[in-house]
Structure formats: structure tokens, C-alpha cells
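Beneath this line is the structure, given in C-alpha cells, with notes to follow.
The values are calculated or read from the model by the stated rules, or taken from the named source; none is laboratory data. Small disclaimer: the values here were computed from a predicted structure and weren't measured. Quick reminder, even Gly has a Cβ in these numbers, built from the backbone with ideal geometry, and neighbours come from all protein chains shown. In case anyone asks, the SASA skips ligands and DNA or RNA and just uses the protein heavy atoms, side chains included. Shrake-Rupley method; radii C 1.70, N 1.55, O 1.52, S 1.80 Å.
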Amino acid sequence: MMELHILEHSLKVASIAKEGIQICTHGLIKLAFLPSKTRCKFFSLTETPEDYTIIVDEEGFKELPESEHLSVAEATWLALNVVSGGGSATNSQPIGVTKIAKSVIAPLADHNISVFMLSTYQTDFILVRERDLPMVMHTLSSEFTLLRVINGETVAANSLGVTNGFVKPKLVPRPIIHPLSSPSNMFCVTSLDPDTLPSVATLLMDVMFYSGGMKEPGASSEDSGHIRFFSFSLIEGYISLVMDEQTTSRFPNNVLFTSASGELWKMVRIGGQPLGFDECGIVAQISEPLATADIPAYYISTFKFDHALVPEENIQSVIGALRTNESAGQ
């Protein structure tokens, strides 16, 4: 039986406006590059054309200043992690969002539970609001062994005393009502050894904070369909990076763990305007058709948009499958 681990981190999800990033840089550099100076165990930063999205535990959140440029989602979020049989989350291969589409993501959407996804090189984190946890556990307990992680040890999660009074939801089709777009960049999902982080720290700082305004010679960045997208996570000592091919090529050889096949991913962006946190089922709408087609995907939710990364050779069929689903909803 698959295990669902409820991690011990209490997480905040926040957005930093582009024009306010310098107010937070001090804290962000500490969280990303000087983890020994903070007690933070879960930190993720994703830059999109709209803003920077931060997911961080309570210790890490203390490093961020109060600012009008920082918007924080009101709820506290918990991270769930699906582990195939007994292995620890970090040494088993990531299961991929499409592998959990039908067992985790769809049932939560059917129960009106909003999820926020963060796929990393190592694993997939499903974020749910802390207050939804009883319902989450009730919904998933038949499919999974539920374990809580406490001080690094996994212990059986008690069922929080929720047994009756839940109505089985009516399953409804999930038409895609948000516009989809696919930028022209190709992306790499990769990682690096924390010990080599100092050797590329200045390059990473440049990419994180200073490359946004810099036009590559000859590139009219947004016109050509390229978008600015960069994601860095340092979670329980593991680093994950998502960046486009051009950015990846700036790194010295042999620093990044790139898969032997050197595979590249294309992105589908979901949302024409900020999606907000209360709408359910967006991840399900996207991941279910991908699961049906057996296409692997990484999925990164940000404060305003959602992003699915699929293998470059599958992008046309993915857009086709999602468009079919989209028109059905009109």
C-alpha cells in the first residue's frame, strides 16, 4: 500500500511583488544560501513574470520583513508526500503528479479541498490547508497508509476522530475554464549537491535577483513567447531547480544533476488572471488528462498561476488533450 506522509512543517505561502524584491533579498539569501544561520527546513522561491512566490515554514517566515510588497495567503498549509512502499521520501524516485492524479488529487478536488502543488527534482509536495486536514485524511485513508512525520520519525496518523457525517461527493466532470498558454522556452528540472552550492552561489544570486531586467543580446524576451520562470527549493537539505535551457547553460559542467537523457520539459501555464486559493480542482483538471495519457509531469503552483511541465515531445498532444477538455466546458 502506498504511504501518504503528513510532514511536520507548518507552511506559509506568500507573494513578493517584483518591485519589492530588494526588501526581501537579505532574508531570501539567508534562506537559500546560509541554511545554517536559520532553523528553516522548507524553503521554495519561484519567480514568474508576475511575482515571486515563496513557500516557507514558520522559522523561515521570520526572516521575511513585513512589507506592503509581501502578500501572505491567510491559511497555514501542510505538505503531504506520497511515498511508494516504505522508502523515505528522498531516496525513492518522484512518483510524478500524474501518478497521484487519480489517487490523491482527484479525490481531494471531489471533496472541495483546495491543493497547492510543488513538484521538485526529488518528490512532489501536495499542500493542503491545515484546517482541511481531517477531511483530507478521511478522503485518502482508504487508499493510503497515513503517517505523520514528527521530529523526523514517521508515526501512524490517528484518524483525528472523523468517521461519519461525510457525504460521498457526486463526481462531476472538470472542464478547464482557465486559459492555457505554452511559452516557447524549454525547461530543465535539476538539482545540485548542497556542498557545491557555494561554488555557484554568485551565479544563482544573479539568476534569482538580477537577471530579470537583463535582455539577452538579440532576444526580445517576452515577444518571442519566452517567459521568465525560475524555481529554487531547499527542502530538508535537498536542492531542486527549475530553469530554462538558456539559464541552465550558464552553469559550469558537472555541477547540476541532469538526467542522463538530458530531457527538456515544456510548460503549460494555467490562468488568465490570478487563480486565488479557494478554487478547487485546477490541478485535477490538468493532471487527470495527463494521467489518462500516461504522460509524466512536474507541477508548480504559484500565487497567481499554475504551471505543468511535460516532456518536450509530448507538448502538442498535451495541449490537444487539455483543449478538448477545455472546449467541453464552454
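Yes or no: LYS12 open to solvent by 50 Å² or more (accessible area, probe 1.4 Å), modelled with pLDDT of 95 or more, within 23 Å of GLU153 (Cα to Cα) and in contact with a strand residue (DSSP E or B) (Cβ under 8 Å, 6 or more places away or on another chain)? For LYS12, the condition - open to solvent by 50 Å² or more (accessible area, probe 1.4 Å), modelled with pLDDT of 95 or more, within 23 Å of GLU153 (Cα to Cα) and in contact with a strand residue (DSSP E or B) (Cβ under 8 Å, 6 or more places away or on another chain) - is not met.
Can we say GLU47 is charged (D, E, K, R), within 19 Å of PHE305 (Cβ to Cβ) and touching a His at 6+ places or on another chain (Cβ under 9 Å)? It is false that GLU47 is charged (D, E, K, R), within 19 Å of PHE305 (Cβ to Cβ) and touching a His at 6+ places or on another chain (Cβ under 9 Å).
Report yes if some residue within the range 62-74 is out of contact with any Asp or Glu (no Cβ under 9 Å at 6 or more places or on another chain), in a strand (DSSP E or B) and open to solvent by less than 10 Å² (accessible area, probe 1.4 Å); otherwise report no. Walk me through it before giving the result.
Start the filter on the range 62-74 by keeping residues that are out of contact with any Asp or Glu (no Cβ under 9 Å at 6 or more places or on another chain), which leaves 62-68, 70, 72-74.
If we keep only those that are in a strand (DSSP E or B) too, we end up with 70, 72.
Those left that are additionally open to solvent by less than 10 Å² (accessible area, probe 1.4 Å): none.
Checked against the condition, which is being out of contact with any Asp or Glu (no Cβ under 9 Å at 6 or more places or on another chain), in a strand (DSSP E or B) and open to solvent by less than 10 Å² (accessible area, probe 1.4 Å), the range 62-74 yields no hits at all.
When PRO49 is tested against the conditions (1) at pLDDT 90 or above; (2) of a type outside the set (D, E, K, R); (3) open to solvent by less than 30 Å² (accessible area, probe 1.4 Å), the lone failure is (3). Could you check, for the range 24-40, whether at least one of its residues is under 25 Å from THR154 (Cα atoms), modelled with pLDDT of 95 or more and surrounded by 21 or more Cβ atoms within 10 Å (Cβ to Cβ)? Within the range 24-40, one or more residues are under 25 Å from THR154 (Cα atoms), modelled with pLDDT of 95 or more and surrounded by 21 or more Cβ atoms within 10 Å (Cβ to Cβ).
Taking the conditions (1) modelled with pLDDT under 85; (2) open to solvent by 70 Å² or more (accessible area, probe 1.4 Å); (3) farther than 30 Å from ILE319 by Cα in turn, ALA157 satisfies each one other than (2).
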